[in-house]
Amino acid sequence: MIVYLLCFLLFLVGLYGVITRRNLVKIAISMSVMEFSTFLLFALIGYVDGGVAPIVDPADPVKNYVDPLPQALVLTAIVIGLATTAMMMAVIIRLYRKYGTFDIREIKSLRG
Amino acid sequence: MNPLIPLFVVIPLAGAFLIMILGRFIKDFNKYFASLALLVLAIFSIYCLATTGDNISLYKVGGWEPVNMVPIGIYMVMDGFTVIVLCIINIVGFLSVFYSISYIRRFTAENLFYALFCLMIGGMNGVVLSGDLFNIFVFLEISVISSYALVAFGVEKNELEASFKYQVLGGLASFLILFGIALIYWKTKTLNIADISRVLKSGYDRSFYLFVELLILCGFGLKAAIIPFHAWLPDAHSSAPSPISAMLSGVLIKAVGIYVIIRLFFNMFAVSENMSLLITTLGTLSMVIGVFLAIGQWDIKRLLAYHSISQMGYVVLSVGIGMILISRGERPDIAALAVAGGIFHLINHAAFKGLLFLNAGSIEYTIGTRDLREMGGLAKSMPATSATSFIASLSISGIPPFNGFFSKLIIIIAAIMAKFYLLALLAVIVSIITLASFMKFQRYAFYNKTENNHKEIKEVPFPMKFSMIIMSLLCIVLSLLAFPGIRDVILMPAIDILTDPVKYSSFIIGN
């Protein structure tokens, strides 16, 4: 049970970073921390103690297998996470060119 | 097996691909191909609306049949509620892309615009059609990542800042959703919505699922911009190019936000009274606070964006009342009426809010400003824009012959019959404030005479006029949905599938 709670704690660490950091790049890093805590949870869900890779062996069909589905989901989610991170970095670079700073307190033209 | 269902995803994805490849070599290929693809999808979605009725049709991706009654492939499901949202997506999408033919000329990189537009449509169609939780997440990310890029399309200070804000909050929402999906999979060992609902029927751990429901509600609430989660919406929707604002406000927050909330809370989780009270409260808050935030705005698109929050509040409120009644197990007829009001308002909001954003785009296109104080006297020089925006303004504020009146009336009647008198009163008051706010918009933009004369202003080009006029006709025609004969054909199948607790899952598992 404790590992699942640690996973959630990692998620909250990322959330804390997103809320409190003032630097655009650090916000992006915090987002990645959150993202990977979720992936870690997925990987943990599929884990079976003493399980082997899920390749069915006709000689011994009742082996203890790990659940392969979460792994497939995590691979998909990692690719999506890459796209979101790349998109966010592209916008950060553009923002830096416009404002000359990474400080979120100076980027506030939208109000109200 | 209905082999036509995947076309809703395949056509826009193929369109995006072909536009990027062939658009480089063939002049004007991008705009005509995108319009053509969206037109085909729009006609196709109307055909599906006409033929689906009470049926549910399935498509199993890869042809994986269920093993021991447990679905193992990815399912795409089309039922009465799905086709309504598909129609909204594809019709508003077609009109917006047709509008963009003239509007987007002043930007560079038109190829990218049309390709991203097609990707966004493909993602939304996928979210709506998917019968599988993880697939909802994947398609959701396709549509929102392309919308992040489209919000930043102007690459000026405001656009980039809005896009960054949208990405941080949108990313947070995605991870909350993914976390919720992981927890659901952990307990039920399945991802198919119908199968999860079947597993949950045979008993579950109340407090664990309360946590999961809260995660899912926060995640999709962020995407739908219900009030405590609304901070990104006014910035993102006002900074995007106008056809994209029309898509974001008119379609995206519904397809990836409200639709999924309604689908999951009615068809997957067992509806609980606490959760439905929470949803109704959030809806009421959005309805009231959204309109008060809107009334002080001078930027037209920000004003419209805040009104989107308020109008979505009506939908959530009405659906929430239906959920409360279902969870208490009393008066199923009123519950059906409340859900009908919510869905009807969802359809209407797509028509009039899309139209209003297109009007705002036309004004910006001709006089180059979004500030209401710098406009005035446009009624003479822009008759089509002025007339259509007048129709849309009356429609959103609930004036009788237009569609907004009928859906608000149904919502208020349902609230009174369910004995939520305070909510009914609030709905009426918010509607009056909306009217005041749109009278301000009309007066400052079109009638007020100012010293800066706009004599040389011309009406917008044909594609923009065409889209606006069709949308305004839709605003009038959609009010027919309130009448029994048409309502039974179009709205009732959607309400049946939502209010009947077993129909959805038993059909899909049974096959």
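Points to keep in mind about this one:
Residues are listed down the side, and each one gets a yes or a no for (1) surrounded by 17 or more Cβ atoms within 10 Å (Cβ to Cβ); (2) assigned to a loop (DSSP other than H, G, I, E, B); (3) at pLDDT below 90; (4) within 9 Å of another protein chain (Cβ to nearest Cβ):
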{"site": "A:Glu35", "(1), (2), (3), (4)": "yes, no, no, yes"}
{"site": "A:Ile45", "(1), (2), (3), (4)": "yes, no, yes, yes"}
{"site": "A:Asp67", "(1), (2), (3), (4)": "no, yes, yes, yes"}
{"site": "A:Met87", "(1), (2), (3), (4)": "yes, no, no, yes"}
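- Among the residues making up region B:138-155, those that are more than 7 Å from chain A (Cβ to nearest Cβ) and of a type in the set (Phe, Trp, Tyr) are B:Phe139, B:Phe153.
- Test: A:Ile78 is aliphatic (A, V, I, L, M) and more than 11 Å from chain B (Cβ to nearest Cβ): yes
- Qualifying residue in region B:349-363 (condition: of a type outside the set (Phe, Trp, Tyr), in contact with a strand residue (DSSP E or B) (Cβ under 6 Å, 6 or more places away or on another chain) and under 30 Å from B:Arg106 (Cβ atoms)): no
- Residue check, B:Pro228 surrounded by 21 or more Cβ atoms within 10 Å (Cβ to Cβ) and assigned to a helix (DSSP H, G or I): no
- No other residue among B:Tyr209, B:Tyr185 is in contact with a Leu (Cβ under 7 Å, 6 or more places away or on another chain), closer than 26 Å to B:Thr82 by Cβ and surrounded by fewer than 24 Cβ atoms within 10 Å (Cβ to Cβ) apart from B:Tyr185.
- Pick from region B:188-205, criterion touching a residue at least 24 places away in the same chain (Cβ under 8 Å) and part of a helix (DSSP H, G or I), ranking: farthest from the other protein chains (Cβ to nearest Cβ): B:Lys201
- Residue pairs whose Cβ atoms lie under 6 Å apart, sitting 6 or more positions apart in sequence or on different chains, and linking a residue in region A:80-92 that is closer than 11 Å to B:Phe164 by Cα to a partner that is hydroxyl-bearing (Ser, Thr, Tyr) and in a helix (DSSP H, G or I), are A:Met87/B:Tyr148; A:Val91/B:Ser163.
- Scanning region B:206-241 for residues that are more than 13 Å from chain A (Cβ to nearest Cβ) and acidic (Asp, Glu) yields a single hit, B:Glu213.
Residues are listed down the side, and each one gets a yes or a no for (1) assigned to a loop (DSSP other than H, G, I, E, B); (2) more than 8 Å from chain B (Cβ to nearest Cβ); (3) closer than 30 Å to B:Asn158 by Cα:
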| position | (1), (2), (3) |
| --- | --- |
| A:Val13 | no, yes, yes |
| A:Val18 | no, no, yes |
| A:Ser30 | no, yes, yes |
| A:Asp57 | yes, yes, no |
| A:Gln71 | no, yes, no |
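- Residues of region A:1-11 satisfying the condition of being within 12 Å of chain B (Cβ to nearest Cβ) and touching a residue at least 40 places away in the same chain (Cβ under 8 Å): A:Tyr4
- Of the residues B:Ala338, B:Ala379, B:Ala384, B:Ala351, the single one that is small (Gly, Ala, Ser) and under 28 Å from B:Pro501 (Cα atoms) is B:Ala338.
- Only one of B:Asn158, B:Asn135 that is polar (S, T, N, Q) and either more than 9 Å from chain A (Cβ to nearest Cβ) or touching a Gly at 6+ places or on another chain (Cβ under 6 Å) (or both): B:Asn135
- Of all residues in region B:407-422, none satisfies being modelled with pLDDT of 90 or more, farther than 29 Å from B:Arg263 by Cα and touching a Leu at 6+ places or on another chain (Cβ under 9 Å).
- Those residues of region B:352-402 which are under 30 Å from B:Ala427 (Cβ atoms), hydroxyl-bearing (Ser, Thr, Tyr) and not in a helix (DSSP H, G or I), in sequence order: B:Ser397
- Hey, B:Lys165 farther than 19 Å from A:Leu73 by Cα, under 25 Å from the mean Cα position of the chain (by Cα) and within 11 Å of chain A (Cβ to nearest Cβ) or not: yes
- Total residues in region B:63-89 satisfying the condition of being over 16 Å from B:Ser130 (Cα atoms) and modelled with pLDDT of 90 or more: the figure is 1.
The values are calculated or read from the model by the stated rules, or taken from the named source; none is laboratory data. Everything numeric in this text was worked out from a predicted model, so none of it was measured. Quick reminder, even Gly has a Cβ in these numbers, built from the backbone with ideal geometry, and neighbours come from all protein chains shown.
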